[in-house]
Amino acid sequence: MSATAAGDECPECLSGNLNWLLTQAHYALASELARAFEPLGLTPRGHSVLGAAMTGAHTQKALADLVGLDKTTMVATLDELERAGLARRVASAADRRAHVVEVTPVGKRKVKAANAVATRVQAEVLGAIGDDAGGALLDTLGRLVRERLAEPSACKAVRRREPRAAAAR
């Protein structure tokens with residue numbers, strides 16, 4: 001079921017529900033980005049991991065924490081990125097027992113291309129609500145993520161997963 005269909009079926013009971021609204025927005029945006037990244041042979045998750053890996057010499061665990069992925073998902077993602085020649089695990093200069101994730105030159109070119117695509121998609125999405133409102137939304141969400149929602153609550157784990165395939169909707 002699409003976000004629009006769900007909203008049409010139950011607008012009053014969910015229209016003020018922040019969790020539902022953010023979930024619907026995330027799903028729709030993640031799907032749009034996934035489609036836009038397909039010609040690059042990259043996923044939004046892979047883009048996030050590569051982009052974060054380019055910010056310093058991060059171990060696999062540190063990178064997972066930085067991006068917000070569980071250990072198993074990070075391993076699978078790095079395996080995919082290594083098979084595609086976009087990243088590699090190399091021995092850490094600081095700790096010979098640890099490995100850091102290094103982005104290959106091909107990976108760096110992919111990140112640059114994906115950044116341009118992501119910037120275009122984000123501008124289109126935020127443009128739908130106007131420049132002032134789009135900027136305010138980014139500022140507000142950024143503040144929430146840095147402050148009030150910086151850490152998940154202690155509870156039974158909420159599973160993070162890739163968006164369902166478009167055909168499954």
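Each of SER15, LEU141, ALA128 was placed along the dipole of the chain (beta-carbon charges, centred on the mean Cα), and the one lying farthest toward the positive end is LEU141. Remark: the chain carries a charge dipole of roughly 860 debye about the Cα centre, counting +1 on each Lys and Arg Cβ and -1 on each Asp and Glu Cβ. Within a straight-line Cα-Cα reach of under 24 Å, LYS108 can be paired with the following lysines, leaving aside sequence neighbours fewer than 8 residues apart in one chain: LYS61, LYS71. Packing, as the average of other Cβ atoms within 10 Å across residues, places the peptides 77-89, 40-52, 124-136 in the order 40-52, 77-89, 124-136, highest first.
Read-outs: derived from the displayed coordinates by stated rules, not from any lab. This structure is a prediction, so every number in the text was calculated from the model and none was measured. Glycine also receives a Cβ, built like all others from the backbone with ideal geometry; neighbour counts cover every protein chain displayed.
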